[in-house]
Amino acid sequence: MIRLVVGNPRAYPVVIGQGLNRLVQPNGPRAILYDQAVQGFAEGLADILDISSRLALEGGERAKTLEAYARCLSWLAEEALPRDTTLYVVGGGTLTDLGGFVAASYLRGIEYISFPTTTLAIVDAAVGGKTGLNLPEGKNLVGAFHFPQAVYADLEALHTLPLPLFKEGLVEAFKHGLISGDPTLLSLEPLRPGGAGLEEYLARAVSVKIRVVEADPTEKGERKKLNLGHTLAHALEAATSHQLSHGAAVAYGLLYISLVGRALGGQDLVPIVQRLLAWLEPPPLPELSWERLLPYLARDKKKLGASLSWVVPMSLGDIRIEPVDDKTLKQAYGEFQELINQSGQAAGSRP
Ligand code: GLY
């Protein structure tokens, strides 16, 4: 078991290991919100913590809707849960985002404890206090920073996670390797659910996230580096009507932004990211012209409040937030398309 601590703006532990429910000492009123995909794990936890107020929801993006949010608030209100309630949130990143936002807003804020059950939620979503919802108009348009009381990443919950989802979450850990320069995080091939070294690997990845969010909890500057690869990723997700999963989109986004970094005179990180794609085996990318992506890119930039800047890797551990001219961006996209065609990752290019 590995225990890390986030120190700012409030101190809370992030514990990674097996059988963590024995560490929790519940007190006061409590309720549990969980992803029905991890029902066995969540119900077991609820029994041990003696929680009778339980709500299961469908995970995935359906969890991050106004409808799901309203359902959670009504559930807490119907159960007449008071302000000193602790909400236990068990599930992947969409559940921890939703549950955190429910906790941020019910009775103007109650405590919550997260049990992330996917690799994505462990290394990224559950740590750092970003909570929120999507709107029909776009993703993550509503939210709040609301920091948990604790995060327990119980690796037993990963046993039922499908392998593609296990791998996709680790794309964010790989991203943390690029950000920190920790070479261990760039080596994904040995990792298996339940395998040796997973606990240590996840803890290293989470440590990177902790360092970044401690330095900049509310994303005024440094935390924007966590968006590495995400600008193109969000555009690819939107342009494919979210047929492309987030992990796959981020892997493609990391390849693209390493081409941009290289064009700007940075270290050639392209082969390292190509290894990520070879390991991940993402679904092929449909043919999408640069012009088709531009409106989505503009929307993402506007949302980030950074109309001209991109998060660019100049070398391992040296990530810059800086403007990039249109010509470089477009040329890098042409190279990106060539690379994915050559490697058979473009739709229709597989033999
Ligand atoms: N997922 C990026 C962040 O927490 O800032």
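The values are calculated or read from the model by the stated rules, or taken from the named source; none is laboratory data. Quantities reported herein were computed from a predicted structural model and do not represent experimental measurements. Counting neighbours? That spans all protein chains shown, and the Cβs are built from the backbone with ideal geometry, glycine included. Note: areas computed on protein heavy atoms with side chains; ligands, DNA, RNA excluded. Shrake-Rupley method; radii C 1.70, N 1.55, O 1.52, S 1.80 Å.
When you go through Gly253, Gly265 one by one, which is the residue that is without any contact (Cβ under 8 Å) to a residue 60 or more places away in the chain and either at negative phi or charged (D, E, K, R) (or both)?
None of the others qualify; the one that does is Gly253.
Output yes when any residue across the stretch 229-238 is under 18 Å from the mean Cα position of the chain (by Cα), under 16 Å from Gln337 (Cα atoms), outside any helix (DSSP H, G or I) and small (Gly, Ala, Ser), and no when none is.
So far as the stretch 229-238 goes, yes, one or more of its residues are under 18 Å from the mean Cα position of the chain (by Cα), under 16 Å from Gln337 (Cα atoms), outside any helix (DSSP H, G or I) and small (Gly, Ala, Ser).
Would you check if His230 is within 16 Å of the ligand (Cβ to nearest atom), in contact with an Asp or Glu (Cβ under 7 Å, 6 or more places away or on another chain) and under 30 Å from Lys330 (Cβ atoms)?
Here the answer is no, as His230 does not meet what is asked.
Evaluate the stretch 204-213: report whether one residue or more is open to solvent by 50 Å² or more (accessible area, probe 1.4 Å), away from the ligand (no atom under 13 Å from the Cβ) and assigned to a helix (DSSP H, G or I).
Looking for residues that are open to solvent by 50 Å² or more (accessible area, probe 1.4 Å), away from the ligand (no atom under 13 Å from the Cβ) and assigned to a helix (DSSP H, G or I), one finds at least one in the stretch 204-213, hence yes.
Counting just the residues of the stretch 138-152 that are modelled with pLDDT of 95 or more and among the hydrophobic types (A, V, I, L, M, F, W, C), which one comes out farthest from the ligand (Cβ to nearest atom)?
Ala150
Can you tell me which condition Asp84 does not meet? The list is (1) in a helix (DSSP H, G or I); (2) open to solvent by 10 Å² or more (accessible area, probe 1.4 Å); (3) in contact (Cβ under 8 Å) with a residue 24 or more places away in the chain, and all the others hold.
(1)
For the subset of the stretch 114-137 comprising residues that are away from the ligand (no atom under 16 Å from the Cβ) and either out of contact with any strand residue (DSSP E or B) (no Cβ under 7 Å at 6 or more places or on another chain) or open to solvent by 10 Å² or more (accessible area, probe 1.4 Å) (or both), which member is modelled with the highest pLDDT?
The extreme case among them is Leu135.
With more than 23 Å from Gly132 (Cα to Cα) and surrounded by 20 or more Cβ atoms within 10 Å (Cβ to Cβ) as the only criterion, which of Leu45, Leu76, Leu33 stands out?
The match here is Leu45.
Any idea how many residues of the stretch 10-30 are surrounded by 22 or more Cβ atoms within 10 Å (Cβ to Cβ) and assigned to a helix (DSSP H, G or I)?
Residues that pass the stated criteria total 0.
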